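Single-structure report; data block below.
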Amino acid sequence: MTQYDCEIFDATALRAFWGINEGEPLGPVDSLCSGDIYKLVPGAQARTISFDVNDDDIATSDGPVTVLAELQWMAQDNEVVDAVMLDVAGSLCMLPLSPMRRDAQYALIGMSPGQNRLRLSQLVHGCFCAGTRVMSGDGALTPIETLQAGDFVLTRDHGAQPLLWVGKTTMRAVGVYAPVSLPAGFMGNLGPLVVGPLQRIFLYQRGGLTANGRSEALLQARHLVDGTRVHQREGGFVTYYALVFEDHQIIYAEGVPVESLLVSRATVARLPDAFARDLSQRFPHLNQRAHFAQELPDDAVARQVLATRSPK
């Protein structure tokens, strides 16, 4: 059994101020309406809860936990926040997977049933396979397995930044843990790029990339799998490396802009145990805010983007 500490909100901490459920707190899944806009109520406070996760279920000291749905929210500045709606010992709660801001208005833009009861323990990364070359602060391409805390890495928005932590974990390459392999040149990458399926790649297009006109977006590697050029390799074992900075960063792997590992109390709870334990012990103060680029979750959109451009 593995224990994770997470910050959750009671459903009453969010209230709709526009839409079908105007004036009502966040309600049961069957009452939610896409497009309704919510805010955290004044004085709303997240509470810390410890989840005990094993192969069969999730529980707390108060009782069992059931994953009811996965929600996607968009703030007025287009920041996207994924969240999980939970039944915690009979009480309706929400677990944001990145921080929610008190000054933001959040439109409900996506709802899907809970995939399974172990969704909380799935891998979230920032993770790259051995051999991936990362652009150092001096512009050189350095194999990720040779990087150490204190080394400088080039970031898109803040120049050369020192690494705070380099994580390493080995696991069976199955399901959500099976790596995605992009051949050299597929996205302008200088060499083969092998990453975890949830690793997000940064895209930029002047003049608008998304339906709402945003020029920046983040795309998960799993949406690029086409069975012809890009493959997800299952079988055997895989070793992943993760890079952590004082702040969440966009870095360059094989010349392609990608995100570093996002570290917050919500996301650390979903990391492999070896990552989560070391990070929590070494850097308990880290609670990073995700890069503001919008995520592109739909593989059809991904194919359309790749058909028309290469990332900058």
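Tally Lys and Arg at +1 and Asp and Glu at -1 over the other residues with C-beta under 13 Å from the C-beta of G23: what net charge comes out? If you can, show how the numbers build up before the last one.
Numbers: positive: R15, K39; negative: E22, E24, D36.
Net charge around G23: -1.
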request  = Quick one: which residues, 5 or more positions from L262 or on another chain, have an amide H under 5 Å from its amide H? H modelled 1.01 Å from N in the peptide plane, none for Pro or chain starts.
outcome  = G126
remark   = Under the Karplus relation with 6.51, -1.76 and 1.60 and θ = phi - 60°, whole-Hz ³J(HN,Hα) for the stretch 241-256, x at Gly and Pro, equal 10, 10, 10, 10, 10, 4, 10, 5, 10, 9, 10, 10, 10, 6, x, 9
note = Heavy-atom accessible area of D247, protein chains in place, probe 1.4 angstrom, given in Å² to nearest 10, is 90
remark   = The summed charge of the H158 Cβ neighbourhood (under 13 Å; Lys/Arg +1, Asp/Glu -1) stands at -2
ask   = Using the Karplus equation 6.51 cos²θ - 1.76 cosθ + 1.60 (θ = phi - 60°), what ³J(HN,Hα) coupling, rounded to whole Hz, does each residue of the stretch 188-198 give in order, writing x for Gly and Pro?
value = x, 5, 6, x, x, 10, 10, 9, x, x, 9
note = Between Q105 and residues 5 or more places away or on another chain, the pairs with built amide H atoms under 5 Å apart involve Q76
³J(HN,Hα), Karplus 6.51/-1.76/1.60, whole Hz, each residue of the stretch 67-74, x for Gly, Pro = 7, 8, 6, 10, 10, 10, 10, 10
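The values are calculated or read from the model by the stated rules, or taken from the named source; none is laboratory data. These numbers come from a predicted model, not from an experiment. Ideal geometry is used to build each Cβ from the backbone, glycine not excepted, and the neighbour counts take in all protein chains shown. Surface areas here come from the heavy atoms of the whole protein model, side chains and all, with no ligands, DNA or RNA. Shrake-Rupley method; radii C 1.70, N 1.55, O 1.52, S 1.80 Å.
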